[in-house]
Amino acid sequence: MVKKELEKLLNQGKSMNQISKETNKSLTTIRYWCKKYNLTSFHRQFKFLEKKKIGSERKCPKCEKILPSNQFYKRRGIENSSTYCKICTSKQTLERIHNLKKEMIKYKGNSCVICGYQKCMGALEFHHTNPKEKDFNLSRIKRYSFNENIRKELDKCVLVCANCHREIHSKLVVPPGIEPGIFL
């Protein structure tokens, strides 16, 4: 992006979002070039946060509660600059993870392949049929959406309830369609 063009837009008092829309470039790109050209306006949108002292208050737009600024996470290197409070951010993250697991369970058939259990989503787990082919642990992903990488990893697994999963690892039961000894 040309420095003079960016300076002109900033001098017109346009926000980063407005510049992004007007130039048809991402907000991240606009921030990058502002920082690269050392344009002081880059920090303009965060100055009000830098001046606040710990203990000053802010309003969370999600829960609409007025909370001390230390109840907001650090974002982009600036203390207490997260949009939502810590509680709302945590709830949003848990909801996203919950919805992702729901999609993953649906993809694998909604119930344990051994006993048919399907009452509690939290009791359903993914067992890799061949641990040597495992690329990542599905229980630790924190992605926003169900994608091709997740689908490929799920194809290497069977859906089992927690009880059957323990029995598989104790060699008491074998998932259907799997040769004994391979999947442990």
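What to note about this one:
- Local electrostatic count, Cys161, Cβ distance below 11 Å [Lys/Arg +1, Asp/Glu -1]: 0
- Cross-link reach is defined here as a Cα-Cα straight distance under 29 Å, omitting same-chain residues fewer than 8 places apart; for Lys86 the lysines meeting it are Lys35, Lys47, Lys51, Lys52, Lys53, Lys59, Lys62, Lys65, Lys74, Lys101, Lys102, Lys142.
- Remark: the range 127-134, residue by residue, has Karplus-estimated 3J(HN,Hα) of 10, 5, 6, 9, x, 5, 8, 5 Hz, where x stands for each Gly or Pro and the curve is 6.51 cos²θ - 1.76 cosθ + 1.60 at θ = phi - 60°.
- Using only Cα coordinates, the Kirkwood hydrodynamic radius of the range 95-169 works out to 12.5 Å.
- For the range 102-109, Karplus couplings with θ = phi - 60° (6.51, -1.76, 1.60), whole Hz, Gly/Pro x: 4, 5, 5, 5, 4, 4, 8, x
None of the figures in this text is laboratory data; all of them are computed from the coordinates on show. As the structure is a computational prediction, the values presented were derived from the model and not from experiment. We place every Cβ from the backbone using ideal geometry, glycine too, and count neighbours over all the protein chains shown.
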